[in-house]
Structure formats: C-alpha cells, structure tokens
1. What Kirkwood hydrodynamic radius do you get for the range 89-207 when you take the inverse of the mean 1/r over all pairs of distinct Cα atoms, in Å?
2. Would you list S278, S272, S391 from fewest to most Cβ contacts within 10 Å?
3. Hey, fewest Cβ within 10 Å first, where do K243, K406, K336 land in order?
4. Determine the shape class of the range 1-98: with a ≥ b ≥ c the square roots of the Cα gyration tensor eigenvalues, call it rounded for a/c under 1.5, and otherwise prolate if a/b is greater than b/c, oblate otherwise.
5. On the first, second and third principal axes, largest extent first, how far apart are the outermost C-alpha atoms of the range 6-220 in Å?
6. Divide the volume of the convex hull of the Cα atoms of the chain by its number of residues and quote the answer in cubic angstrom per residue.
7. Report, to two decimal places, the Cα Rg of the range 243-470 normalised by 2.2 N^0.38 Å (N = number of residues).
8. Tell me, S464, S109 in order of fewest to most beta-carbon neighbours within 10 Å?
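What follows is calculated from the coordinates using simple rules that are stated; it is not laboratory data. Quick caveat, the model's predicted, so the values are computed rather than measured. Cβ placement follows ideal geometry from the backbone for every residue including glycine, while neighbour counts extend to all protein chains displayed.
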Amino acid sequence: MSTPVTLLFDTRAARRIDQEATAALGGDGYVLMQRAGEAAWRLLRERWPQARRIVVACGGGNNGGDGFVLARLALQAGFEVRVVLPEGVEPRTPLSLRAAADYAAAGGSHEYFPCALDGADLLVDALLGISMESAPRAPLAALVEALDAAPAPVFALDVPSGIDADRGTAPGVALRAQCTLQFIVHHAGLRTGAALDHVGDLLLDTLQVDASAYAGVAPPCARLLGVAALGQWLPPRGRGSHKGRSGHVLCVGGDPGGGGAVLLAVEAALRSGAGLASVATREAHVAALLARRPEAMVHAVEEADALEPLLARASVVACGPGLGRSSWWGAALFRKVLESGLPRVLDADALNLLAEAPAQPGDAILTPHPGEAARLLGITTAEVQADRHASAAALVQRYRCAVVLKGAGSIIAAPGALPCVLDAGNPGMATGGMGDLLTGAIAAMRAQGLDAFEAACAGALLHSAAGDAAVGGDGQRGLLPSDLLPWLRRLANPSTSQAAAEC
C-alpha cells in the first residue's frame, strides 16, 4: 500500500501557487480569501464548540483579511466578536479592504490595541501569515506579546505571528498557538526548529485549489516523513532470508569513558535488523560489552592496523560513538575507516575529526547535531539554527554526501534528492546516547541494502518513531536511549506491528 506524500513548500512557492489558483478563478482572489475564512470558521466550531466570545487580531495584509472573513461569519452566527488591530494599522491590500468592508456591512466594528483582551474564550491570530520579513516591531510586537500572555487559547491562521514560515525561526516575539491552520500548502518552516514550540496542532486546508495550480509551477522544497512511511523501506523478509543478506555492521568507537556509546550503537544496529554486528573498541570494554550483548562480535583494537581485518569482513561502518579524538587511537581509526572505501555512518567525534581536517568522506552519511553541524560548516550553532533547511543543504554541498541534521524536526538531505523532514521525535530524546542509537539504526538500514539517502531517512525515522513509542504513559522526562531498543525491533517490522495493532 502506498503512503500519501506530504510536500512542504517555501513562501515563494506558496505565493506562486496562490497566483495560479487565483488566475484559475478568473483573477478574483477574494474567492480564496473567503474560503480561508470559512475553513477557519469550520475548524473553530469543531475544535472549540463552547467558545462564544472571540477576539480576532487582524493585521493590514491578506492574513488580516482572512481574519475579517472569519469575524464576519462569527458575527452572523450570533457570536460576540471583537476585531483588534495594532495601533495605527489599517487594512491596506485590496482583498483585506474588501473583507473589512464586508465585516463592517454585517454590523461589525474594530478597535485598536492597547485594549483589554481578557474575557475572550478564544483568540484568533490573523496578524502576519507568511508576510513576515523580520522580527515584529512596535506596535505589532506589543499586540503579539499581549495575545501570548492572555489566558485564552490562540488559533493561528496560516502561520503563528512572529514565526518565519521558511526558516522556522522566531527572530523576536512570537505567538504560541494551540492550533495552526495552514492554507493551500504545508509550510516548510513550520516543521522544524523553534516553530515546533509555537504551531500547536498543525493542520491544512487546501481551499479546494486544483492540482493544476501545483503541478510544475512551484516545486516543493522538502517532504514530510511520518511513521507510516517505514513500510516503503522495510518490507517483510522472504522465507529464504539469512544473516548474510542483512549485512554486517562494524561499530568503531569506545575510547576510555565511551564504551557505553559504542554499545548503544551496536545494540541499535542489531535491533534494527542488521544480520551481523561487530565492535572495534578498547580492550577495557570487551568483557562488559560481551556480558551486555553476547550477539555482538566484540574485538579489542588497540592500534589502527588491527582494524583492517575487521573492515575486510564488514559491509557498513558506524564510526564515532565514544571514539574520542586522540591522534594515536580515535583519529587513527577514523582515517582507516575513510581509507576503507566502505559505506559509513559518521557521528560524534568522527564528525569533529572531519571538521578539524575537512575532506570528502565518500560514501557516507553524516549525522550532526546543530553544534557539530556548525563546526563542519565553520559557522556558529545559532547560524545553523537560524535556517536549518539551508544548513542541511550547505552540508550536502560541502561534503557531497547524505546528511541527517538532528534536532526538532530533523532534516535529511543528499545530493540530487528532495530533502525530508521528520514528523516524529520528542523532547524526551534530548539526552546523551540517543545519537549513538541513531548511528546504529542508520548503519543497519544501509547494511540491509538501502542506498545512503534511503538509509538515512529510514534509520532516522525508525529512531524518532521508537522515541515516540517509548514515551508511552510515563512521559518524556527521564527517557533513556535503552528504552528505545524494544521499539526499534517492533517498528522495524511495520507489517507485523500493524497486524498486531489491528488484532
């Protein structure tokens, strides 16, 4: 069964699609504005059925026009409606002027902030939409802050005000919505970074725009991956399968103090379906690793040449967890891995070593968190987070390989591929060792025959989905990487887990 594809667009593409849809309607953009207001009104009634007193905060652009349409519909339905504009702001676009006039003709009036916002059952944010070009400034910023501080829930139209719909950043004050209804397209920036703390439940209404308005007019900048996509990469195994068909992952790491990291990587590789898994580590860790995971083939490697026979038997290398950066051990093993020509997944200190001596890592998958990405690119972590989509693209351009930029809304990118954004994962996964599991899971996907980009997508999605499943009823705080291991196995068999769910 095919999985529906959710495409993500930037604001430039969104405007082009809007223009095409308007042209198909004879040039009357007010039809789409009315549809947007009507869609928002339907969702409002469905989601907040008890709300009777509504404050609609409108800006001067077309997002404000959507708000005026909603306000008119609420007024005509007998609701108590107040429309509030920032001080000195008036509707300025032809469509917002028309919507404001229709609202006034229905008996509506508006007021200007500062004014009291208490007493409302619901606040509707129709201030900026996708038109934000910089951090909100006075007097708009004052209204955003007041709305955010008010006790009533916030319903954002298209984009929460203060959030950059392309980058997912909040460069200044920004609203935290309980729900955001996007119009026409899914916005790429709302699926990653700081935006995830502001959008609440993220929904879409296409406003009945015909598919022809999308086709070939505005290419998407990414696609969204949810847990249902796992089945496309992880079909049931044939009855004649054997361990050799599922690949051999060699995990390289575990300098003193880092034995747990390489243990987590090899456990994740095994639980994610690798047929064989070996570990090259310091002698001090061998006994503990064998006691914890006897299925792993653990080898003491105290100097780089001892790694060569292990590389000769492996099909994929996972390098970095607990590796360290000492020139005579960690760095020496890292160089051997690069020289091997084997497909490789690089994480942790392998990425730091790569940043210290930049090179083309060949058939590799890089899995940096924002700090590691910053070192790889020679910029600051803040600059990475300021535009995560652009940062992922820059990593691909510089290193010419697949990349998983970790964090809220992880981004997977590779040369010639449409990037993917994960619709999975949670803040409980922000703890030491989670990245080691990810390294092992991706390496297992690569060992099972997926190409680098597919393995990065499948492994990262499996890892994040396992994190969501492991939260269960116990909550996010206190989640341990080892809690994910049983779920890696279950979710790596999507047909089995789906059948179990249906029983």
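1. Hydrodynamic radius (Kirkwood, Cα only) of the range 89-207 equals 14.9 Å.
2. The fewest-first ordering by Cβ neighbours comes to S278, S391, S272.
3. Lowest to highest Cβ neighbour count: K243, K336, K406.
4. oblate
5. Its Cα atoms span 47, 37, 33 Å along the three principal axes.
6. 157 Å³
7. Compared with the compact-globule rule of thumb, the range 243-470 sits at 0.92.
8. S109, S464
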